[in-house]
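Participant: Submitted below is the structure of interest, expressed as structure tokens.
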């Protein structure tokens, strides 16, 4: 077996057959050639090598045409036969003589379609030889010794389907070759001649002519090729606007296709290309060079929240800035027989601006006033507010266009970290702003400060006064804001102010001590104020009086109706009794010396009772007390500094003028 070699030396021969191919109606398309020789070729170009003495027979092997390459239209077979022979003769006659020597070989190739190709290379040499020179040595004037050769080329073109059918496949074609030789010499009777040897060889070249199928697709999105997701031709389509995909399918080969053979698909769900019948010339065939147009239409998706398993890639960055946007990609595919071609296309939504701010208080988000992360900051301690501004859109902003403010007076955010220092807030980039101030005493917040109830993360917790400020970022027409909160640490406080008949009367010698005659009604009022930042329920508050029988009772109208004593709120308790005769003996009430506001006054007995409030909160008890007094006699009022001195005497000594 020999290895068929690529055809080279027969290219000239094949080219000369182009006219014959045209005459047979075979259009020149793609071609592929092979050759083989018998006996074996000794050179890579499949030229004649060794010959074999005639007669001989053998086989030649050539590859079949693989149908996957295309449609076989013709087979060109070219046979080049070669013969050579040695000749020796001597003219032994007395006169010159005409002598001719001939070597001829008949080479026959049996094709797989049972046809036979014959090639008969023949060579003859004729010359006039002088009379015998007396020496029979096949040399000198009357003798000759030489070799003669000849070649002959025969071609045959096969075009009928039955003729070329055996050459189709993925195996080999085996061709039987035989060579039958004949040799003779013609001359006078006085002739010594010797046909010493004859040999022959053959080279078979085969050329397959075939039509190559071809197909191509170009996919457009709203008329744009948009192959590259970052290409400048990628269309920007608003969500909901129509997207029209166009698929231009071109037959780039030499084989026509029926409509049923041309299958167009798209890799994205819901996108179904349909043939535009006006793009066909009406014969239902996609002929070589013809282009058909398919289209599909759907609304553009919102690519920030795409649905349906669509393919999203990074793109829409023709300048190569690195700030890509979500980009829709779909790929059109054409399938024809064993051929296929694909082409992608892309679109993106128009760039969407976006901005976000997240505000922190001492590192805590603290969005809600009752959130568990609300920090508790003592009055005077430093509060640090951090404003985290993020570009959530697809457009960059200059530094001057980003304005961050706080709604609380005296809180001024300042940019402290602009990420990369280029003064542009790029998509996805984060800038940090910061502001600081001392924490306020929220029970006495400065004017204009916003406080709300808060710091009660549990339903059972009592609210406290909570500071609230809101950070705002403005970029163009975009605004975003975020609140944050803090409160002071829980500080319970309670105070009681006790009044007797409406007078404070803390000091038994005070000029506001009321004079109440025995038997008159005494009304004690207890003003209980929440001086801390924790609210108290009514059940937590116990108001008592140290005098037996004096029982303070809450005046309901002094509550705002919620039964909770909130920070800063005051409740009023009251108790009533009958004034006692303080000069009586064996008093059962508490008395002290009093009713003498002036140093010259004679002290008398003053009634004293003490109101106390007790609150149990945060596993501890707090309390406050306040006394109050009354007398049975009028307490003299202080003289005006401008009064005449002599006016003091009648007032001071009137009691001593009464008759005994």
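Participant: Of all residues in region 283-311, count the ones that are part of a strand (DSSP E or B) and either at pLDDT below 95 or out of contact with any helix residue (DSSP H, G or I) (no Cβ under 6 Å at 6 or more places or on another chain) (or both). Break it down stepwise before answering.
Facilitator: The first filter runs over region 283-311 and keeps only residues part of a strand (DSSP E or B), leaving 285-286, 291-299.
Checking the rest, the ones that are also either at pLDDT below 95 or out of contact with any helix residue (DSSP H, G or I) (no Cβ under 6 Å at 6 or more places or on another chain) (or both) come to 285-286, 291, 294-299.
Number satisfying all stated conditions: 9.
Participant: Being in the same structural domain as residue 61 (by TED's automatic domain parsing), more than 60 Å from the chain's Cα centre (by Cα), part of a strand (DSSP E or B) and surrounded by fewer than 15 Cβ atoms within 10 Å (Cβ to Cβ): is that true of residue 151 here?
Facilitator: Working: in the same structural domain as residue 61 (by TED's automatic domain parsing): yes; more than 60 Å from the chain's Cα centre (by Cα): yes; part of a strand (DSSP E or B): yes; surrounded by fewer than 15 Cβ atoms within 10 Å (Cβ to Cβ): no.
No.
Residues are listed down the side, and each one gets a yes or a no for (1) touching a helix residue (DSSP H, G or I) at 6+ places or on another chain (Cβ under 7 Å); (2) closer than 20 Å to residue 38 by Cβ; (3) surrounded by 15 or more Cβ atoms within 10 Å (Cβ to Cβ); (4) in the same structural domain as residue 190 (by TED's automatic domain parsing):
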| site | (1), (2), (3), (4) |
| --- | --- |
| 102 | no, no, yes, yes |
| 107 | no, yes, yes, yes |
| 110 | no, yes, yes, yes |
| 115 | no, yes, no, yes |
| 128 | no, no, no, yes |
| 136 | no, no, no, yes |
| 146 | no, no, no, yes |
| 157 | yes, no, yes, yes |
| 163 | no, no, yes, yes |
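Participant: Would you say residue 608 is surrounded by 13 or more Cβ atoms within 10 Å (Cβ to Cβ), part of a strand (DSSP E or B), modelled with pLDDT of 90 or more and touching a helix residue (DSSP H, G or I) at 6+ places or on another chain (Cβ under 9 Å)? Explain how you work it out, then say what you get.
Facilitator: Details: surrounded by 13 or more Cβ atoms within 10 Å (Cβ to Cβ): yes; part of a strand (DSSP E or B): yes; modelled with pLDDT of 90 or more: yes; touching a helix residue (DSSP H, G or I) at 6+ places or on another chain (Cβ under 9 Å): no.
Taking the combined requirement at face value, the residue does not satisfy it.
Participant: Given the structure, is residue 409 assigned to a loop (DSSP other than H, G, I, E, B) and buried (at least 20 other Cβ atoms within 10 Å of the Cβ)?
Facilitator: Values: assigned to a loop (DSSP other than H, G, I, E, B): yes; buried (at least 20 other Cβ atoms within 10 Å of the Cβ): no.
The answer is no for residue 409.
Participant: I would also like to ask the following. Has region 365-375 got any residue that is outside any loop (DSSP other than H, G, I, E, B) and surrounded by 14 or more Cβ atoms within 10 Å (Cβ to Cβ)? Outline the logic, then answer.
Facilitator: Here is the first cut: in region 365-375, the residues outside any loop (DSSP other than H, G, I, E, B) are none.
No: zero hits.
Participant: Among the numbered criteria (1) under 13 Å from the mean Cα position of the chain (by Cα); (2) closer than 13 Å to residue 219 by Cα; (3) surrounded by fewer than 16 Cβ atoms within 10 Å (Cβ to Cβ), which one does residue 342 miss?
Facilitator: Of the numbered conditions (1) under 13 Å from the mean Cα position of the chain (by Cα); (2) closer than 13 Å to residue 219 by Cα; (3) surrounded by fewer than 16 Cβ atoms within 10 Å (Cβ to Cβ), the odd one out for residue 342 is (1).
Participant: Name the one entry in 379, 409 that is free of Cβ contacts under 8 Å to residues at least 60 places away in the same chain and within 22 Å of residue 466 (Cβ to Cβ).
Facilitator: Working: 379 fails: free of Cβ contacts under 8 Å to residues at least 60 places away in the same chain.
The match here is 409.
Participant: Next up: Against the conditions (1) assigned to a strand (DSSP E or B); (2) farther than 19 Å from residue 605 by Cβ, where does residue 524 fall short? Just the number, please.
Facilitator: Of everything listed in (1) assigned to a strand (DSSP E or B); (2) farther than 19 Å from residue 605 by Cβ, residue 524 misses just condition (2).
Participant: Then there is this: Against the condition buried (at least 20 other Cβ atoms within 10 Å of the Cβ) and at negative phi, how does residue 242 come out, does it pass? Can you show your working first?
Facilitator: Values: buried (at least 20 other Cβ atoms within 10 Å of the Cβ): no; at negative phi: yes.
So residue 242 fails the test.
Participant: Pull up region 314-330, narrow it to residues that are buried (at least 16 other Cβ atoms within 10 Å of the Cβ) and in a strand (DSSP E or B), then point me to the one that is nearest to the chain's Cα centre (by Cα). Can you show your working first?
Facilitator: Filtering region 314-330 down to residues buried (at least 16 other Cβ atoms within 10 Å of the Cβ) leaves 315-317, 323-330.
Filter once more, so that each one left must be in a strand (DSSP E or B): 315, 325-330.
Values: 315: 10, 325: 8, 326: 6, 327: 9, 328: 11, 329: 12, 330: 15 Å.
Only one residue fits best here, namely 326.
Participant: I need a count of the residues in region 170-197 that are outside any strand (DSSP E or B) and either closer than 18 Å to residue 110 by Cβ or not assigned by TED's automatic domain parsing to the domain that holds residue 93 (or both).
Facilitator: Of region 170-197, the ones outside any strand (DSSP E or B) are 170-171, 187-190.
Among the residues that remain, those that are also either closer than 18 Å to residue 110 by Cβ or not assigned by TED's automatic domain parsing to the domain that holds residue 93 (or both) are: 171.
Looking only at that region, the number is 1.
Participant: Pairs only if they're at least six apart or on different chains, beta carbon under 6 angstrom, first in region 237-254 and assigned by TED's automatic domain parsing to the domain that holds residue 298 and within 24 Å of residue 265 (Cβ to Cβ), second exposed (fewer than 14 other Cβ atoms within 10 Å of the Cβ) and modelled with pLDDT of 95 or more; list them, first residue then second.
Facilitator: 242/297; 244/297
Participant: Please verify whether residue 262 is farther than 30 Å from residue 424 by Cβ, in contact with a strand residue (DSSP E or B) (Cβ under 8 Å, 6 or more places away or on another chain) and in the same structural domain as residue 237 (by TED's automatic domain parsing), treating the condition exactly as stated.
Facilitator: Details: farther than 30 Å from residue 424 by Cβ: yes; in contact with a strand residue (DSSP E or B) (Cβ under 8 Å, 6 or more places away or on another chain): yes; in the same structural domain as residue 237 (by TED's automatic domain parsing): yes.
Yes.
The values are calculated or read from the model by the stated rules, or taken from the named source; none is laboratory data. Because the structure is a prediction, the values reported are computed rather than measured. Every residue, glycine among them, receives a Cβ derived from its backbone with ideal geometry; neighbour counts consider all protein chains shown.
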